[in-house]
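What follows is a single structure, written as structure tokens, with notes after it.
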Amino acid sequence: MASLPNVIKANGLIEPFDPSKLERSLLRAKADPMIVSKIIDHIGRETSGTPTTSQIYKHAFFLLNKFQRPAAYKYSIREALAALGPSGFPFEKFVAEILKAQGFTTEVDQQVKGGCTTHEVDVVAWNDLKLLMVEAKFHNQRGIKCDLKVALYVKARFDDLLEATHFVGGKRRPITDNWLITNTSFTSTAIEYALCKGLTMIGYNYPEKGNLHDMIEDGDLMPITCLHEVHSNELRLLLNKGLVLCKQIRDNVTILQEVGIPQDRAKKIVEEIAAIH
């Protein structure tokens, strides 16, 4: 296999091409090992110059979609999450749906009074035992990480909220958990601080188990931004209606016609959703 010498990362830095990283990503998407080997060999032989990691991803996705379509969509989760922008509100809705799948009742974009002042909380989630205040930090570029400043800011807000009790779910109760969730990742100093202070942080690949990718896979929570049959203007209309999951369309296909998608194309979208799951 011919090997690429270097690639350009999302943050602009150049590093040696490491085929093992690509292999891990493809295998995590449950791609067949023989297909993975073919994709890596093809990219090594056919890609010239110094490509970006985004170009490598697109090339790998094209090949995987050709050979093993369901795995291709799982491989595209990270990019689909970034496409929930440009505003962060669809990501807040997405996080709320993730928590609903774990048995929580949720509300988004809430004004919550703390000990000293009122805070905008992205997601409030609760069940019989827990009350979560969640900061959903969205980035539309995968190279951007939540750093120590973000962790410090979020923890300070949560500390103020901890000084008050909150009327949620029909009763007044204290906060039990503080979460920071992002669609990208965290710097090492942010992780060090969060572990020290008891701040739960969830990123695309952090922690090793129970990360955002795992939650999506385990809960049948593929974002609608992974759908290639949905045009960009139609995607905006669906997001504006609060739809963020493929299964929300699967469970209510009439919503496609409500946003003006013709019946023949709506059928293709439903078929695409069925092929993903």
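Scanning segment 257-274 for residues that are open to solvent by less than 30 Å² (accessible area, probe 1.4 Å) and among the aliphatic types (A, V, I, L, M) yields 259, 261, 266, 269, 273. When residues in segment 105-133 are screened for being touching a strand residue (DSSP E or B) at 6+ places or on another chain (Cβ under 7 Å), farther than 26 Å from residue 227 by Cβ and not polar (S, T, N, Q), 12 of them pass.
Could you list all residues from segment 19-29 that are open to solvent by less than 60 Å² (accessible area, probe 1.4 Å) and either touching a residue at least 12 places away in the same chain (Cβ under 8 Å) or in a loop (DSSP other than H, G, I, E, B) (or both)? Even if it seems obvious, please write down each step before you answer.
So in segment 19-29, the residues open to solvent by less than 60 Å² (accessible area, probe 1.4 Å) come out as 19-20, 22, 25-26, 29.
Across segment 19-29, the qualifying residues are 19, 22, 25, 26, 29.
Being part of a helix (DSSP H, G or I) and more than 21 Å from residue 275 (Cβ to Cβ) is the filter here, so list the residues in segment 39-58 that pass it. Those that are part of a helix (DSSP H, G or I) and more than 21 Å from residue 275 (Cβ to Cβ): 40, 41, 42, 43, 44, 45, 46, 53, 54, 55, 56.
Scanning segment 57-79 for residues that are surrounded by 20 or more Cβ atoms within 10 Å (Cβ to Cβ) and touching a residue at least 40 places away in the same chain (Cβ under 8 Å), we see that the one that is farthest from residue 39 (Cα to Cα) is 77. As a summary of the residue check, residue 275 satisfies the conditions (1) in contact (Cβ under 8 Å) with a residue 60 or more places away in the chain; (2) over 16 Å from the mean Cα position of the chain (by Cα); (3) not in a helix (DSSP H, G or I) except for the one numbered (3).
If I filter segment 96-134 down to residues being assigned to a strand (DSSP E or B), open to solvent by 20 Å² or more (accessible area, probe 1.4 Å) and touching a residue at least 24 places away in the same chain (Cβ under 8 Å), which single residue comes out as nearest to residue 152 (Cα to Cα)?
The residue in question is 119.
The residues of segment 83-95 that are at pLDDT below 95, among the hydrophobic types (A, V, I, L, M, F, W, C) and either crowded, with 22+ Cβ neighbours inside 10 Å or not in a helix (DSSP H, G or I) (or both), listed by number, are 83, 84.
The values are calculated or read from the model by the stated rules, or taken from the named source; none is laboratory data. What you see is a predicted model; the values in this text were computed from it and never measured. Cβ sites come from the backbone with ideal geometry, for glycine too, and all protein chains shown count toward neighbours. Heavy atoms of the whole protein, side chains included, go into the accessibility calculation; ligands, DNA and RNA do not. Shrake-Rupley method; radii C 1.70, N 1.55, O 1.52, S 1.80 Å.
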